[in-house]
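Since every read-out is calculated from the coordinates, none of them should be taken as a lab result. The structure presented is a predicted model; accordingly, all values stated were derived computationally and were not measured. Reconstructed Cβ throughout: ideal geometry from the backbone, glycine too, with neighbour counts over all protein chains shown.
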Amino acid sequence: MESINFRRCSNIKELQINEEIRDREVRLIDVDGSQLGIFPSRKAMEMAFDKKMDLVKIAPNAKPPVCRIMDYGKYKYELAKKEKEAKKNQRVINVKEVRLTPNIETHDLNVKAKRAVEFLKDGDKVKVSVRFRGRELGHTEKGKEVLSEFAEITSEVGVIDKHPKLEGKNMVMYLMPKTE
């Protein structure tokens with residue numbers, strides 16, 4: 001029998017295929033899932049090539065390692081398809097930021113709150129930060145009042161995820177959309 005020398009690049013590092021399998025003996029599983037028994041890896045590879053399939057090591061830590069005869073290209077395609085489907089169903093949550101000052105007027109606060117409500121309705125988290133400058137750092141309680149008032153205004157659509165906390169010269173609070 002002539003030796004067939006071809007390799008396929010594998011993106012999945014755990015799975016070894018064809019010539020990458022260096023074990024002396026392997027437990028072989030057929031295409032339909034039935035166990036064929038323990039074979040030398042050369043014989044198992046020949047059996048796979050006779051069926052125009054690939055030999056894939058699926059359980060490397062077993063004694064002896066378990067290999068399966070399968071179409072590796074089709075297997076990778078199915079995995080990619082499942083991964084794409086899972087990605088389609090997941091929702092990416094963005095964090096939008098609203099910046100305030102401790103001396104903000106009520107109208108300006110309402111305008112910023114209205115913008116935050118839009119973000120929350122879109123399903124995004126909102127980071128609300130009050131920036132203190134100069135002597136304002138001595139009156140951080142004013143910033144806490146502004147943040148609690150902001151949370152009260154947006155309470156219909158959002159809840160506090162992380163309570164106000166002073167981080168350097170900023171007091172930060174996170175809001176997340178209400179789940180119904």
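Brief remarks follow.
- Selection count, segment 127-142, where residues are small (Gly, Ala, Ser) and more than 35 Å from the chain's Cα centre (by Cα): 2
- Filter result for the condition that a residue is surrounded by 11 or more Cβ atoms within 10 Å (Cβ to Cβ) and touching a Lys or Arg at 6+ places or on another chain (Cβ under 9 Å), over Pro40, Pro60: Pro40
- Comparison of Val98, Val111, Val26 shows that the only residue that is touching a helix residue (DSSP H, G or I) at 6+ places or on another chain (Cβ under 9 Å) and within 30 Å of Val172 (Cβ to Cβ) is Val98.
- Strands (runs of 3 or more DSSP E) wholly inside segment 105-180 that include at least 3 residues being hydroxyl-bearing (Ser, Thr, Tyr) and surrounded by fewer than 15 Cβ atoms within 10 Å (Cβ to Cβ): none
- Residues of segment 16-33 classified as over 15 Å from Pro60 (Cβ atoms) and not in a loop (DSSP other than H, G, I, E, B), total: 1
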